[in-house]
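Working notes, structure below.
Just so you know, all these numbers are worked out from the coordinates, no wet-lab data involved. If you're wondering where the values come from, they're calculated on a predicted model, not measured in any experiment. All Cβ positions, glycine included, derive from the backbone under ideal geometry; neighbour counts span all protein chains shown.
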Amino acid sequence: MKILVTGGAGFIGSAVVRQAIRDGHAVVNLDALTYAACLDNVASVADHDYYAFEKADICDASALKWIFKVHQPDAVMHLAAESHVDRSIDGPGDFIRTNVEGTYTLLEAAREYWLNMGKPMNFRFHHISTDEVYGTLGETGMFTEDTPYAPNSPYSASKASSDHLVRAWGETYGLPFVLTNCSNNYGPYHFPEKLIPVVILKALAGEPIPVYGAGENIRDWLYVEDHADALLTVLQHGVNGRTYNIGGENEAKNIDLVRMICAILDEKRPKDTGYAEQITFVTDRPGHDLRYAIDPTRIRTELGWRPSVTLEEGLRKTVDWYLENEDWWRALQQRQGVGVRLGTKG
Ligand code: NAD
């Protein structure tokens, strides 16, 4: 299959690109290379015969038209987005532009291409989204694919809008699509201003490890390579027009997660005082959702997919990766405007 991956120089998109190439697919990686992108994330596949890169903005209709025409993909996996909740609070405009207008522009380019191809029903537009579109949970319950949308941040509202556009293009124009809504990702190549890398890198630097509020917010954590595997499974075997929720089956309070990382570092890079002593509580962010949790029944029963690692196993792999890839994160930390933001995900 030839897959047009948007946002393939970002955190999750690059994991999808690496895995798709490993699985024998051809990939066209379309990315505008914003502050969040890093082409080193795909360096391991960049010389592959089945890999191509196109620097383009998903809001640029004529560039998209040209890319569809030249590359003739069998499917689109749409991951390009402004993805950081804290940045969406500081400046929501970019989120509306890329996530809403960009998704609309991409849908129109895909629709025109699909029409010109004679409307093949095996073409697929796979839209990758977040569980944050469902809003927040109390102490019990889980998000299912039927949970009503109730986004609380500019980021989640822009992603909810893009989900609705994709569904509408399917219902109105018949464009074949699948949609996935996923929980918090973590793992190799996670941008250094997201929660888990911040904890690892602050700990190693001997600096305060910031935690929002009392650290009581609960998230479900999914190892990024498991997410990439789930996405390629849905792309190939999901039912047309259907949503699949993807979760890690790994709920944890932020404070417990941070303590787990500190304990792993205590073991791998021992020092006189434990890393947990560096934990510092900071003012919570506005509209901070209390809890997200995914009911993964559909993807498990229909497609036989489950995550392959526990949170403990995934965190160990992640800590090892950051210890072994200092050049990668130091280069990104030195980029202008990259600071400490504690958003757990995009
Ligand atoms: P990311 O910020 O790491 O990467 C986004 C990529 O999109 C970057 O490479 C960036 O250059 C590119 N991009 C941004 N604007 C663009 C534009 N206008 N045109 C073309 N490219 C553009 O994001 P991520 O964490 O990898 O998330 C990928 C997708 O998965 C997003 O749609 C996000 O909403 C969704 N998602 C993320 C998480 C998570 O935990 N990170 C969880 C669920 C869903």
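A few remarks follow.
- Given K65/K119; K69/K159; K119/K159; K2/K194; K55/K317, the pairs whose alpha carbons are separated by over 23 Å: K69/K159; K119/K159; K2/K194; K55/K317
- Stokes-Einstein translational diffusion, segment 1-42 - Kirkwood Rh over all Cα pairs, 1.306 mPa s, 10 °C, in µm²/s: 159 µm²/s
- Pairs of alpha carbons in segment 1-110 separated by more than 23 Å make up 24% of all such pairs.
- Take every pair of alpha-carbon atoms less than 8 Å apart whose residues are at least six positions apart; their mean separation over the length of segment 219-319 yields a relative contact order of 46 percent.
- Additional length obtainable on full extension of the chain from T172 to V282, 0.36 nm per residue less Cα span: 34.9 nm
- The gain in end-to-end length when the R242 to I96 segment is fully stretched comes to 50.1 nm, 0.36 nm per residue minus the alpha carbon separation.
- Label zone of D320 (point 7 Å out along Cα→Cβ, amide N under 20 Å): in segment 208-247 this covers 222-229.
- As a calculated quantity, the FRET efficiency between T301 and H48 at R0 = 35 Å, using C-beta atoms, amounts to about 0.50.
- Between D266 and K65, the simple spin-label model (points 7 angstrom out along Cα→Cβ) gives 6.2 nm.
- Rg to Rh quotient for the chain, alpha carbon positions, Kirkwood Rh: 0.95
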